[in-house]
Amino acid sequence: MHTSDWLQLALFIGLLAVITKPLGLYLTRVLDPQGRTFLDPVLGPLERLTYALMGVDRTREQNWKQYTVAMLLFSVAGCAFTYAILRLQHLLPFNPQGLGPLNHHLAFNTAISFTTNTNWQSYGGEGTVSYFSQMVGLTLHNFTSAATGIAIAAALVRGITRQSTGVLGNFWVDLVRSTYYLLLPLSLVFAIFLVSQGMIQNFKPYDTATLLEPQKVQVEKKTEAGETVQGADGKPVMEEQVITTQTIVQGPMASQVAIKMLGTNGGGFANANAAHPFENPTPLSNFLQMLSIFAIGSGLTYYLGRMTKNQAHGWSVWGAMMTLFVAGVLICWWAEARGNPIHQALGVSLTDGNMEGKEVRFGIMNSSLFATVTTAASCGAVNAMHDSFTAIGGLVPLFMMELGEVVIGGVGAGLYGMLVFVVLAVFIAGLMVGRTPEYLGKKIHAYDVKMAMLSLLVLCLSILGFTAWASVSDWGLAGLNNAGPHGFSEMLYAYSSTTANNGSAFGGLTANPANGDPHYNVTLGFAMLIGRFLMIIPIMALAGSLVQKKISPPSVGTFPVAGVTFTVLLIGTVLLVGALNFLPALALGPIVEHFLMLKGQLF
Amino acid sequence: MKQLIHDLRGAVVSTLVFTVVLCGAYPLVVWAVAQTAFPDKANGSLIKDADGTVRGSTLLGQNFTGEAWFQPRPSAAGAFGYDAASSSGSNLGPTSQKLADAIKERVAAYRTANGLAETESVPADAVTASGSGLDPHISLRNAELQAGRVARARNLTVEQVRVLIARCTQKPDAGLLGDAGVNVLQLNLELERMPHSATSSTGTP
């Protein structure tokens, strides 16, 4: 924990605070159907053409049910589109490696994964999906699932700020405008910056390099039929083989990675995601990738303040998010810098920290920071392998996801998730002082609290239910890479990540076992669907209820939703209501592993 | 019902329009700019011989095992490590027996190869696998500890080798971001170019 590391953390938070206001102001223009931006001359015609082709009247607003149905239909269409591409990629262009089609459960899992903004990588990037599948099947959702999240957040904010009406805006207009005016231009600029750092962007086949030092390796001897030859002792016969080449992956990576970060998608072009040197070439590219994960979500809190005409409220929400975030970073960083006593006893340097699964160019600090950023936001890109973090270091990303992705969170999803907690916080405050809870002048009734709780309990049920099922099933245990409590953590992480639509993994867990068992791909797919849509629907119902209420002027009894008291109450609500449910499960996984690690117990 | 059909049209048409704009035009524009402004980087930062043979990428690590070479970090990419078509970490956890056994073995081998005392600590990066399995860098201390062995094997002075290490050291960006590291492939290429180097690229002792 050196001085330069502290400076980097301070720089990160400082820069984030600086960009929050301009981005928030821009968002208010993008999310206003009549809003004007400096890109109108270029994108205005494209926007109007898109509406014309879709047959959308931009002035016609929708009530919460119409808005939700439009969103669901759009998601179904996109999901089917990607499923078809993955199943047919061998027949489609841009497949220089001649990769075959994905099997049905892997395609099912991957299509849902990208539609729900989760981007859990059940597939292995460079070895499984073609350039066409990456560029069309997957990148499409990187944009649209992010735009969908922003649209839902905008609808909820309108529900809070409008009064005595039924309509929440037009989903199609919010979708198109967020995509064209926000995500597309930002991605374009960011992608070109990433190439300047060394990221690839081409359509050529993989290159083959001739190694400087050919490597002699021992492999199992095979017959011509491909069967292993067994010696007299029953063990496979080994023979020497010389490796002289290295295959270098290529492809249109930068255009996909830019939106993968900005849209908090996180699905990597390569299997190793942002740890791969092409996908994250320099510390500078790493720094800006982290910033881009938080950028839009952070800007949305400013948008909230602007729209509710209570900027202090926006900043208080931001403050609660950043408090939880900084606490997470410090714990994770401390644990990783401290290292693993088991390995240190074997002779590993005491001062280097836990470097298993981390890259030298990022080091301990930037790996811990990235891990916390990517799980606080529902991005899920990784620049280090969370599976190999120390027990407490791995607990932090897991915990961040189980908070419900409300610490900045996914673009849009973070804001609407946090607003659920805001509603609960004012409800709890109301109970404590014995008044009808009120949020920005709107009375919160039983129906609103039910909807808020429903969206939270669904997450709990999916995460804990599926984990429990997997941990007592043969298929669940067969997919593990680690034994003991760490194996349990791998399952808990998988269902937390998919339900929270994060997409990072304890990557040792394999959802594609050699025997082709589909249980993991299918259950993880359902966890993603539940985490996305069974959360959005009650939230839209909440928005539909709020928008009909009258705004009453503040009185002496009104609980202020800005300032330190509110921020502390909000943090408390997130921690108690959101995370306490998971404490028993966490105790069986990372917490007990921490103590076993200190004792030197191995599995 | 009419509304549903209307929305269905919106869903299908928007998916198609977005496909053209976001999956066609957008990557092509990025491609065109990248290939014009940064052709070397956009194509993988490849290192080529005079005759055009690709020898690697400055961004991707390669495996080296001979004593006359600087050796990279252990790698879990592919069956034999540094398989750039199969990037991966070990994904072994902190209480993994397999990982502890591997580290024990690597620590002993590193101490023997580089003449370290039994009590001397080994740099963490030298005995742990990276996240990608393709980490091009090793830490400064790891490079320094290997310098004596490489110099002896190549009949160079340690000073000569240190100069090369300094040349292949990547400092933190803007003097602040990230950690310093030594690019192993570049360093070994520099070694090969040294006039008095005793080892050729084909034969390792």
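Taking amide hydrogens as placed 1.01 Å from N in the peptide plane, the amide H of A:VAL348 sits under 5 Å from those of B:VAL122, each at least 5 positions away in sequence or on another chain. Ranked by the mean number of other Cβ atoms within 10 Å of their residues, highest first, the peptides A:307-316, A:320-329, A:267-276 come out as A:267-276, A:320-329, A:307-316. Partner lysines whose Cα lies under 28 Å from the Cα of A:LYS549, excluding those fewer than 8 positions away in the same chain, are identified as A:LYS65, A:LYS309, A:LYS442, A:LYS443, A:LYS450. For A:THR68, the shell of other residues with beta-carbons less than 15 Å away shows a net charge of 0, using +1 for Lys and Arg and -1 for Asp and Glu. By definition, a body whose alpha carbon gyration tensor gives a ≥ b ≥ c is oblate when a/c is 1.5 or more and a/b is not larger than b/c, and the stretch A:1-136 fits this oblate description. For the segment A:189-196, counting C-beta atoms of other chains within 10 Å of every residue's C-beta and taking the mean gives 4.
Per-peptide packing, taken as the mean over residues of other Cβ atoms within 10 Å, places A:241-247, A:157-163 in the sequence A:157-163, A:241-247 from highest down. Measuring nothing but protein heavy atoms, the accessible surface of chain A at 1.4 Å probe radius is 66 percent carbon and sulfur. Between 0 and 90 degrees, the angle of helix A:363-376 with respect to the longest Cα principal axis of chain A falls at about 50 degrees.
For the protein assembly as shown, the percent of C-alpha pairs falling in each 20 Å distance bin, counted from 0 to the bin holding the largest distance, reads 16, 50, 28, 6, 0. Once both axes come from the Cα atoms, what is the angle between helix A:413-433 and the longest principal axis of chain A, in degrees from 0 to 90, rounded to 10? Taking the Cα atoms of chain A, the angle to A:413-433 is about 50 degrees. Taking amide H positions as modeled 1.01 Å from N, with prolines and chain starts lacking one, the residues under 5 Å from A:MET238 and 5 or more places away or on another chain are A:LYS221. Averaged over peptide A:134-143, the number of partner chain Cβ atoms lying within 10 Å of each residue's Cβ comes to 4. Please list, or write none, the lysines whose alpha carbon is within less than 26 Å of the alpha carbon of B:LYS41, excluding same-chain residues fewer than 8 places away. Straight-line reach from B:LYS41, under 26 Å: A:LYS204, A:LYS260, A:LYS358, B:LYS171. Evaluating 6.51 cos²θ - 1.76 cosθ + 1.60 at θ = phi - 60° for every residue in the stretch A:466-472, the Karplus couplings come out as 5, 4, 4, 4, 4, 6, 10 Hz, glycine and proline recorded as x. Label separation (A:ASN515 vs B:GLN160): 5.9 nm, computed from points 7 Å beyond Cα along the C-beta direction. Annotation: for a label point projected 7 angstrom from Cα along Cα→Cβ of A:ALA80, residues of the stretch B:1-30 with backbone N closer than 15 Å are B:4-16.
Across the stretch A:45-61, computed HN-Hα scalar couplings (Karplus, 6.51 cos²θ - 1.76 cosθ + 1.60, θ = phi - 60°) run x, 5, 4, 5, 4, 4, 4, 4, 5, 7, x, 9, 9, 5, 8, 8, 9 Hz from first to last residue, x flagging Gly and Pro. Shielding value for A:495-508 is 1, the average number of Cβ atoms from other chains within 10 Å of each residue's Cβ. Between A:THR28 and A:GLU239, the simple spin-label model (points 7 angstrom out along Cα→Cβ) gives 7.3 nm. Taking a ≥ b ≥ c as the square roots of the eigenvalues of the Cα gyration tensor, the stretch B:1-87 is classed as oblate, since a/c reaches at least 1.5 and a/b does not exceed b/c. Loop only per DSSP, at most 16 neighbouring Cβ atoms within 10 Å: give me the trypsin sites (Lys or Arg not before Pro) in the stretch A:520-603, ordered by residue number. Counting only loop positions with at most 16 other Cβ atoms within 10 Å, the trypsin sites (Lys or Arg not before Pro) in the stretch A:520-603 are A:LYS550.
Rounded to the nearest whole Hz, the Karplus-based 3J(HN,Hα) values (6.51 cos²θ - 1.76 cosθ + 1.60, θ = phi - 60°) of the stretch B:42-55 follow the sequence 5, 9, x, 6, 6, 9, 10, 6, 4, 8, x, 5, 6, 9, with x at glycine and proline. Taking Cα centre as origin and charging only the Cβ of basic (Lys, Arg, +1) and acidic (Asp, Glu, -1) residues, the dipole magnitude of the protein assembly as shown rounds to 2600 debye. Only Cα pairs under 8 Å and 6+ residues apart enter the sum, and on that basis the relative contact order of the stretch A:411-599 stands at 30 percent. Per residue, the average separation of C-alpha pairs within less than 8 Å and at least 6 apart gives chain A a relative contact order of 19 percent. Computed over neighbours whose Cβ is under 14 Å from that of A:ILE536, the net charge equals 0, Lys and Arg +1, Asp and Glu -1. Candidate cross-link partners of A:LYS235 among the lysines, defined by an alpha-carbon separation under 30 Å and a same-chain spacing of 8 or more, comprise A:LYS216, A:LYS221, A:LYS222, B:LYS98, B:LYS104.
Rounded to the nearest 500, what is the protein assembly as shown's calculated 222 nm mean residue ellipticity when only DSSP H runs of at least 4 contribute -39500 (n - 2.57) each, over all residues?
So the helix-based figure for the protein assembly as shown works out to -17000 deg cm²/dmol.
Take A:VAL396: with every protein chain present and a 1.4 Å probe, its accessible area is about 10 Å². Projected label points at A:LYS443 and A:LEU7, each 7 Å from Cα along the beta carbon direction, are separated by 5.8 nanometres. The angle between the Cα long axis of helix A:283-307 and the main principal axis of chain A comes to about 20°, on a 0 to 90 degree scale.
The values are calculated or read from the model by the stated rules, or taken from the named source; none is laboratory data. These figures come from a predicted structure and were not determined experimentally. When we count neighbours, we look across all protein chains shown, and the Cβ atoms used for this are built from the backbone with ideal geometry, even at glycine. Just so you know, the surface numbers come from the protein's heavy atoms only, side chains and all, with ligands and any DNA or RNA stripped out. Shrake-Rupley method; radii C 1.70, N 1.55, O 1.52, S 1.80 Å.
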